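Encoded as structure tokens, the structure appears first; notes follow it.
The values are calculated or read from the model by the stated rules, or taken from the named source; none is laboratory data. Every value quoted in this text rests on a predicted model; they were computed, and no experiment measured them. Because the Cβ atoms are built from the backbone with ideal geometry, glycine has one as well, and the counts that use them run over all protein chains shown. What goes into the accessible areas is simple: the full protein's heavy atoms, side chains included, and nothing from ligands, DNA or RNA. Shrake-Rupley method; radii C 1.70, N 1.55, O 1.52, S 1.80 Å.
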Amino acid sequence: CSPLLLSRVAVLVPTLPGRQPLAQAAVVWQPEGGDPIAATSGADGEFLLQATGKQPARLTITAVGHVAYTELVSPGAPFADYDLWPGTVEARVAAGVTALLGGVAVDAAGAPLADVDVQWTPTQPPAAALPTGRRVLAGGALLLPRSVRSGPDGSFGLETLAFGPGRLHVAGSPERGVDATAVAGRATNGLRITR
């Protein structure tokens, strides 16, 4: 077998200078109709797969505490970085990847509102992602909803990539919401919104 591709796995931290290599990531190359070929990233995040074939195959990368990544890759593809998102809200906020807006939804009398939609409306919608030319199937982007359901006690926690100023409100009641600012790497708690 000849080397198919040499690549590196890194933790995705776009708001920090540089990325940290991710060791012990499991890498699987699955050609259509063929046997899978596996590798593990080293301390420098690099891995080497040796395979043959002329058809694209599915490349899957998994690591403890991270979102799995899957892409269709052509044989002989050039060097590429495969970034894995941290796997939990807390880890993403700590890494400066997302922001968290939390608080409680209440009615006009101050009683908690359970199971209502809490929405985040940024002043400036985030720019659309530019095409990369890569065929990413999963894990390339975080698809975070713009709304969450409040809990039994009216509490909510909304993770977002839509940074900057905006308005947080109960669905159907934007005029009673609160102005807030989503800052990458910050958890803003204690927000109180009414319906």
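Report, by residue number, each residue of the stretch 153-170 that is in a loop (DSSP other than H, G, I, E, B) and open to solvent by 40 Å² or more (accessible area, probe 1.4 Å).
Of all residues in the stretch 153-170, those in a loop (DSSP other than H, G, I, E, B) come to 153-154, 161-163.
D153, L161, F163 - these are the residues of the stretch 153-170 that are in a loop (DSSP other than H, G, I, E, B) and open to solvent by 40 Å² or more (accessible area, probe 1.4 Å).
Check off (1) modelled with pLDDT of 80 or more; (2) under 23 Å from the mean Cα position of the chain (by Cα); (3) open to solvent by 30 Å² or more (accessible area, probe 1.4 Å); (4) under 19 Å from L137 (Cα atoms) for R8 and give me the number that stays unchecked.
(1)
Out of R134, R146, I need the residue that is surrounded by 11 or more Cβ atoms within 10 Å (Cβ to Cβ) and more than 16 Å from A162 (Cα to Cα). Which one?
On inspection, the qualifying residue turns out to be R134.
For the stretch 171-193, give me each residue that is in a loop (DSSP other than H, G, I, E, B) and within 11 Å of L100 (Cα to Cα).
Of the stretch 171-193, the ones in a loop (DSSP other than H, G, I, E, B) are 171-173, 177, 183-186.
Scanning the stretch 171-193 gives V183, A184, G185, R186.
Check whether at least one residue in the stretch 152-162 is touching a Pro at 6+ places or on another chain (Cβ under 8 Å), of a type in the set (D, E) and in contact (Cβ under 8 Å) with a residue 12 or more places away in the chain, and report yes or no.
Yes: one or more hits.
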